[in-house]
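Working notes, beginning with the structure itself.
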Amino acid sequence: AMEWIVMGSILLSSILIVVSYLSWRYYNPAARAYFFAWTLALIGFGIYALTVMGYLPLNTFTGYSPQIGLTAQIILFSFALADRIKQVQGEALAWNQRALANLQRYQSLFDNAIEGVFQMSPNRRFVTANPAMAELLGYRSSRELLRHNPDVLDTCIADERLRQRVVEQLEARGTVKGIDARYHTRNGEERWATMSLHTVYDADGVPTHLEGTCIDATESHQRLQIEREREQERLEKELARNSAQAKSQFLANMSHEIRTPLAAIIGYGETLLEPDLSDDDKRSSAETVVRSGRHLLELVNDILDHSKIDANKLDVDVVPVNLPELLEEIRAFFGPRAREKGLDFSIICDFPLPEQIRTDPTRYRQIIINLCANALKFTDSGSIALILRCDRQGEVLHARVVDTGIGMKPEQLERLFDPFAQGSTAISRQYGGTGLGLSISRRLAELLGGSIRVSSTYGEGSEFEVAISTGDLSGVHFLRDASEFSQRRRSLPMIMAPRLAGRILCAEDNDVNRRLVSLLVDRTGAELVHVHNGAEALERGVREAFDLILM
């Protein structure tokens, strides 16, 4: 049995020797100690086995050869363990040195970075900051910045609304990127920076701090601002050039538009002076003079309204307005004109409609009449419809003017609401007009709390929609059908010129106007006193008693 044990030990040792040799030879130099250790142990067991089998004499060496081999093996194992410990320590030292070098490189990058780098605590205070960050904020060093330790977001983002959005985005996503923010340095200088932040979490998902970068964007922002100013200047010059061209074209058109009614007024006025003119011709001439005068007055009113809009002097007077009455006035004004041209003019109500709205009736009527007049001007056949509906919840009155006229091309729509602009020079020559009506109408709609939009198909017709605020509709009666609409319409009685008994003082330096005022006042029976100017009127009014003063 002892022999079998010895032989098994020898076999096992031989296997370990082969394994340690192969390990030493090919991939692990440290296996050398194991190879020699197992070799010495095998030699000890081999000598002892030969002694037991009688091949070697028994003496102190051969009798204790296994112990001697194991002792040598243990010593070599100790050397191997010490060598392994030394190797591990060397590797650990190398790793520490590399980590230290990486830390030094990171610290160097951190300290020498051009952009500001910092860490922020959850309560928005600086934890660390590199010199570039301190310099961006106007501090001499990072230590000085950390000593003052201001609120990071308050310091880096001057705009309160932007700061609040950053906080909300950090709470929702944990990160923000590329925020362009205006801030003030420590000495009060205004600058711009591009800022990014992201939240760092621990193993449990609890935010520990935030890391961020801040890049000076002042120069790029200033450069962008300069480019914007240059572009704005270019656009303003182009707009001024286009406006000058439009005004030149407008003046050229006005020379025709104004001369035409003036020529009619003067020409037919001269014919009225002819003694042998028949009564019918006199009436026809007078009607032509009145019609031309009204047309000339419309031109002048458009020009004056545009001037008021340019000077921001155009005001609106919001009062209660009876909607059925207003629509009836428009129907009475346009119905005959449309029939004269062979067109069908209709007002279509999408009930329910409020009986009363709060707006400026004069200006709203001006908008609708202007849109209907344009439709009448550019429609040769077919129909014109004024369609009304009310958004009760939004308190908005919508009016659409739909025609079957010549329509417009897309390029004409782009500049349709520009002052002095018309579809084309040919259209201006053919149809006339100032080119101010739509521009004035849009501005009036805006003053009434609304807007104007347009859609058109060339050759088929156009549709203009004006929306205005109705004012508070609570308590307002809504009309539900056409019969109720007609019943609510108030008719205006004819009023004869009254007979007056009093004195009227009129300050007027124009002889024509003085004669006209005299003609009108004489019909009333009142006494009229004329002076040439306001100073004379003031002097006369102090000395004498007057019931009415016209200035």
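Taking 30 Å as R0, compute the FRET efficiency from the Cβ-Cβ separation of residue 393 and residue 346 and round it to 0.05. Numbers along the way, then the final one.
Details: r = 27 Å, r/R0 = 0.91.
Efficiency, rounded to the nearest 0.05: 0.65.
About its Cα centre, what dipole magnitude does the range 229-309 give when the only charges are +1 on Lys and Arg Cβ and -1 on Asp and Glu Cβ, stated in debye to the nearest 20? Numbers along the way, then the final one.
Values: 11 positive and 16 negative charges, 77 e Å.
In total the dipole reaches around 360 debye.
Want the number for residue 180 to residue 248: 0.36 nm per residue separation, take away the alpha-carbon distance, what's left? Walk me through the intermediate numbers first.
Values: separation 68, 0.36 × 68 = 24.48 nm, distance 4.48 nm.
Using 0.36 nm per residue and subtracting the Cα-Cα distance, I get 20.0 nm.
Computed extension gain for residue 284 through residue 339, at 0.36 nm per residue and net of the alpha carbon distance, reaches 17.8 nm. Here the spin labels are modelled as points 7 Å beyond Cα on the Cα-Cβ line, and at residue 128 and residue 232 they lie 4.3 nm apart. If R0 is taken as 60 Å, the Cβ-Cβ distance between residue 266 and residue 223 corresponds to a FRET efficiency of 0.45.
Based on the Cβ-Cβ distance of residue 19 and residue 43, what FRET efficiency does E = 1/(1 + (r/R0)^6) give at R0 = 22 Å, to the nearest 0.05? Once the sixth-power term is evaluated, E becomes 0.80. Take every pair of alpha-carbon atoms less than 8 Å apart whose residues are at least six positions apart; their mean separation over the length of the chain yields a relative contact order of 8 percent. Dividing the helix sum by the residues of the chain, where each DSSP H run of 4 or more adds -39500 (n - 2.57), gives a mean residue ellipticity at 222 nm of -18500 deg cm²/dmol.
When you restrict to C-alpha pairs under 8 Å that are six or more residues apart and normalise by the size of the range 229-309, the relative contact order lands at 29 percent. Among (1) 57.2; (2) 46.8; (3) 26.4, find the value of mean projected area of the Cα convex hull in nm² that was calculated from the structure presented, and write down its label. Only one listed value fits the structure, namely (1).
The aspartates and glutamates whose alpha-carbon is closer than 18 Å to the alpha-carbon of residue 282, local same-chain residues fewer than 8 away aside, are 270, 274. Think of the range 315-487 as a dipole: +1 on every Lys or Arg Cβ, -1 on every Asp or Glu Cβ, centred on the Cα centre; then among 374, 318, 351, 374 lies furthest on the positive end.
Partner lysines whose Cα lies under 24 Å from the Cα of residue 247, excluding those fewer than 8 positions away in the same chain, are identified as 237, 308, 313, 377, 409. In this simple spin-label model, placing a label point 7 Å from the Cα along the Cα-to-Cβ direction at both residue 503 and residue 319 gives a separation of 3.1 nm.
Relative contact order of the range 113-216, please, whole-number percent, based on alpha carbon pairs below 8 angstrom and at least 6 residues apart. Working shown, then result.
Values: 203 pairs, mean separation 29.3, N = 104.
It rounds to 28 percent for the range 113-216.
Values in this text are rule-based calculations from the coordinates and carry no lab data. Model, not experiment: these values are computed from the prediction. Cβ atoms come from the backbone with ideal geometry, glycine included; neighbour counts cover every protein chain shown.
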